[in-house]
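The values are calculated or read from the model by the stated rules, or taken from the named source; none is laboratory data. Bear in mind the structure is a predicted one, so any value in this text is a computation, not a measurement. When we count neighbours, we look across all protein chains shown, and the Cβ atoms used for this are built from the backbone with ideal geometry, even at glycine. Just the protein is used for accessible areas: all its heavy atoms, side chains included, with ligands, DNA and RNA removed. Shrake-Rupley method; radii C 1.70, N 1.55, O 1.52, S 1.80 Å.
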Amino acid sequence: MSGADNVVWLGTPPFPEAARTALADTRLRTNLRRATGTIRDKRLAVTAELEDWEELRERAAVVKRHTLRHLDHHLVRLEKAVTAAGGVVHWAADAADANRIVTALVKQTGEDEVVKVKSMATQEIGLNEALADAGIRAYETDLAELIVQLGGDRPSHILVPAIHRGRSEIREIFRREMGEWGRPAPDELTDDPRDLAEAARLHLREKFLRAKVAVSGANFAAADTGTVVVVESEGNGRMCLTLPETLITVMGIEKVLPSFSDLDVFLQLLPRSSTGERMNPYTSLWTGVTNGDGPQNFHLILLDNGRTATLTDEVGRQALSCIRCSACLNVCPVYERTGGHAYGSVYPGPIGAVLTPQLVGVENAASLPFASTLCGACYDACPVKINIPEVLVHLRAEAVEAERRDRLLPTTEALAMKAAGAVLSSPGRLAAAQRLAALGGRLVGRGGRIGALPGPFAGWSATRDTPAPPQESLRAWWRRTRTRRRQDSRTTAEGEG
């Protein structure tokens, strides 16, 4: 599989078609509205507590911009620091490369199963599927990821992958599937959140205690010390990061920070923006290996998979600053109504609409930059000040240009724009067009509005009210009233004479 095949879910229809299906699911919309609203309110409450919140955002944005400009330098520093601390660094150009490395490392241990910490990077490369093909079973240990895995589902949110599932659905998934993966769910399992969490805890406990290999992602890595950071809320990450003998971390190259001291800013921004907490309940930091404490074999895989190509785009590369907090999803009116599956990618929502097309090529995800109202709420919420609307507009232009290059004949839109250019460049042609528009508007308009437009314009009028053109254009009104004023002035002047 290529990197594009993994980032984008094969077989998923374009966003407009997928969104139409999602909008018809009333249960989905109810679940999304309740969940995103709750997270949004919590975030607003805890960010309001900090008087320097905007200063923290600006400082984080500056650090990220600097890091991306000098990414090669900081990655080399990170490799040296991790190696000096007893870890082993691997470089993966794409998804296939990363999957091959992880599979080989697991096989070297002689194990046929791994426990996993929630990781967007491993979802991006399709690691679970690659391991399964090699006879290795990966167990997700994050509660939401466990729900998705047991349900044979796909994640629909960066922070809460099972946000589209209700409690009764989760209970049925646990009762039906847990026994196939390990300890079965209790016979008397209810849909009470405490009961569901307890069933997951008992199911996972035996896996934590017997696992010899763990796989994780990384939220950050400090280039100067080689320290890797994972933040989470359930404690499953801490179990995976400390109990197994071998730890394999797959990290996108953009996650590196220049120094350990930079964590001060990001560990204030991330929990408030993601879970609406002042700090994450579990913040795990490790530097290489330590004799007799934690994993004795540590492998860090630095994943490119389209990131270097993204860096070449001076506008689009700001998407690589993302710290995966999901704040943009929770404020997005489009995401709240369609959910994450409609985006057809492991990265949903506004950040997915700008990141996915760049990682896989805009021609492979051409509909995503248009999955937005450009309201700007995502920009206001982003803790590292990614100007998502700016990138969306930039990528829309690229998508249109890519379509133009692929077409043998010009599109209807291109022909319309060419005709508009010809009309607007000539005062005479513009005046004639305005007269025709006014005449046509009077013929088909009712109550100041035009009904369904014909032909290629039907897509516009199907979802919008189209005002009927005024009977008189501004140019005609100006010419008429200016002539009248001149005549009145002459009359007045003659009378005074």
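With charges set only on the Cβ (+1 for Lys and Arg, -1 for Asp and Glu), what does the dipole of the stretch 224-345 come to about its Cα centre, in debye to the nearest 20? Before the final figure, lay out the partial values.
Numbers: 8 positive and 13 negative charges, 58 e Å.
Rounded to the nearest 20 debye, it is 280 debye.
Using θ = phi - 60° and the Karplus curve 6.51 cos²θ - 1.76 cosθ + 1.60, what whole-Hz ³J(HN,Hα) does each residue of the stretch 106-118 get, with Gly and Pro shown as x?
For the stretch 106-118, the Karplus-derived couplings read 5, 4, 4, 7, x, 8, 10, 8, 9, 9, 10, 8, 3 Hz, x marking Gly and Pro.
Based on the alpha-carbon set only, what is the convex hull volume of the chain divided per residue, in Å³?
Details: hull volume 104.1 nm³, N = 497.
Cα-based convex hull of the chain, divided per residue, equals 210 Å³.
Lys80 accessible area, nearest 10 Å², 1.4 Å probe?
Approximately 140 Å² for this residue.
Counting only residues 5 or more places away or on other chains, whose amide H sits under 5 Å from the amide H of Leu257 once H atoms are built in the peptide plane?
For Leu257, the qualifying residues are Ala221, Ala222, Ala223.
Gap in Å between the Cα centre of the stretch 33-68 and the Cα centre of the stretch 150-179?
First find each Cα centre; the distance between them is then 28 Å.
Among Val76, Leu44, Ile136, pick out the residue whose Cα is farthest towards the positive end of the charge dipole of the stretch 29-173, where Lys and Arg carry +1 and Asp and Glu carry -1 on C-beta, about the Cα centre.
My answer, from the dipole projection, is Leu44.
Considering only protein heavy atoms, what is the solvent-accessible area of Val423 at a probe of 1.4 Å, reported in Å² to the nearest 10?
Around 40 Å² of this residue is reachable by solvent.
Dipole of the chain (Lys/Arg Cβ +1, Asp/Glu Cβ -1, origin at the Cα centre): which of Thr290, Tyr379, Ile248 lies farthest to the positive side?
Tyr379
Can you show me the helix-derived [θ] at 222 nm for the chain, built from DSSP H runs with n ≥ 4 at -39,500 (n - 2.57) apiece and divided by the number of residues, rounded to the nearest 500. Write down the numbers at each step before the final one.
Values: 23 runs with 265 residues, N = 497.
Roughly -16500 deg cm²/dmol at 222 nm, from the helical runs in the chain.
On a straight-distance basis, which aspartates and glutamates could pair with Lys207 in a cross-link, Cα separation under 17 angstrom, same-chain partners fewer than 8 positions away excluded?
Glu111, Asp112, Glu113, Glu140, Asp142, Glu145, Glu177, Glu180, Glu198, Glu234, Glu245
Determine, at each q value in 0.09, 0.14, 0.23, 0.24 (inverse angstroms), the log₁₀ of I(q)/I(0) that the Debye formula gives when each Cα of the stretch 62-169 is one equal point scatterer.
Per q value, in the given order, log10 I(q)/I(0) is -0.33, -0.75, -1.22, -1.25.
Quick one: Karplus J couplings for the stretch 469-484, per residue in order, coefficients 6.51, -1.76, 1.60, θ = phi - 60°, nearest Hz, x for Gly and Pro?
x, x, 5, 10, 7, 4, 4, 5, 4, 5, 5, 5, 6, 5, 4, 5
How much of the accessible area of the chain, in percent, comes from carbon and sulfur atoms when a 1.4 Å probe is used? Don't skip to the answer; put the middle values down first.
Numbers: 12790 of 24020 Å².
Here carbon and sulfur together make up 53 percent of the probe-accessible area.
Would you kindly calculate the mean projected area, averaged across all directions, of the convex hull enclosing the Cα atoms of the stretch 117-248, in square nanometres?
Dividing the Cα hull surface by four gives the mean projection, 8.3 nm².
Considering the chain, which cysteines have no disulfide-compatible partner, defined as another cysteine with its Cβ under 4.7 Å away?
Lacking a cysteine Cβ partner under 4.7 Å: Cys240, Cys322, Cys325, Cys332, Cys375, Cys382.
Under 5 Å between amide H atoms, partner at least 5 residues away or on a different chain: which partners does His90 have, H built in plane at 1.01 Å?
Under 5 Å from the amide H of His90 lie the amide H atoms of Leu300, Ile301, Leu302, each far enough along the sequence or on another chain.
What accessible area per residue comes out for the chain, rounded to a whole number of Å², with a 1.4 Å probe? All intermediate terms of the calculation are to be shown ahead of the outcome.
Numbers: 24020 Å² over 497 residues.
Per residue, the chain has 48 Å² of solvent-accessible surface.
I'd like the projected area of the stretch 360-437, averaged over all directions, using the convex hull of its alpha carbons. Report it in nm² with one decimal.
On the way: hull surface 31.3 nm².
If you wrap the Cα atoms of the stretch 360-437 in a convex hull and average its projections, you get 7.8 nm².
Just from the alpha-carbon atoms, what are the Rg and Dmax of the stretch 68-127 in angstroms?
13.6, 41
Charges on Cβ only, +1 for Lys and Arg, -1 for Asp and Glu, centred on the Cα centroid of the chain; of Thr190, Val7, Ala416, which one is farthest towards the dipole's positive end?
Positive-end residue among those listed: Ala416.
Using protein chains only and a probe of 1.4 angstrom, how many square angstrom of Val160 are accessible, to the nearest 10?
Looks like 50 Å² after rounding.
For a test of the definition: using alpha carbon positions, the gyration tensor, and the 1.5 limit on a/c, classify the stretch 1-124 as rounded, prolate or oblate. The partial results should precede the final answer.
Values: a/c = 2.05, a/b = 1.20, b/c = 1.70.
Note, shape of the stretch 1-124 comes out oblate.
Applying the Karplus parametrisation 6.51 cos²θ - 1.76 cosθ + 1.60 with θ = phi - 60° to the phi angles of the stretch 140-153, what ³J(HN,Hα) value in whole Hz is obtained for each residue in order, glycine and proline being reported as x?
For the stretch 140-153, the Karplus-derived couplings read 6, 10, 5, 4, 5, 5, 4, 4, 4, 5, 5, x, x, 10 Hz, x marking Gly and Pro.
Using the Cα centre of the stretch 322-437 as the reference point, and only Cβ charges (+1 on K/R, -1 on D/E), how large is the resulting charge dipole? Debye, rounded to the nearest 20. Write out the running numbers ahead of the final one.
On the way: 10 positive and 9 negative charges, 67 e Å.
With only Lys, Arg, Asp and Glu charged at Cβ, the dipole is about 320 debye.
For the stretch 115-263, what is the charge dipole size about the Cα centre, in debye to the nearest 20, if Lys and Arg each add +1 at the Cβ and Asp and Glu each add -1 at the Cβ?
Details: 18 positive and 24 negative charges, 59 e Å.
The calculated dipole for the stretch 115-263 is roughly 280 debye.
Below 8 Å between Cα atoms, with a sequence gap of 6+, how large is the relative contact order for the chain in percent? Before the final figure, lay out the partial values.
Details: 814 pairs, mean separation 97.1, N = 497.
Reported relative contact order: 20 percent.
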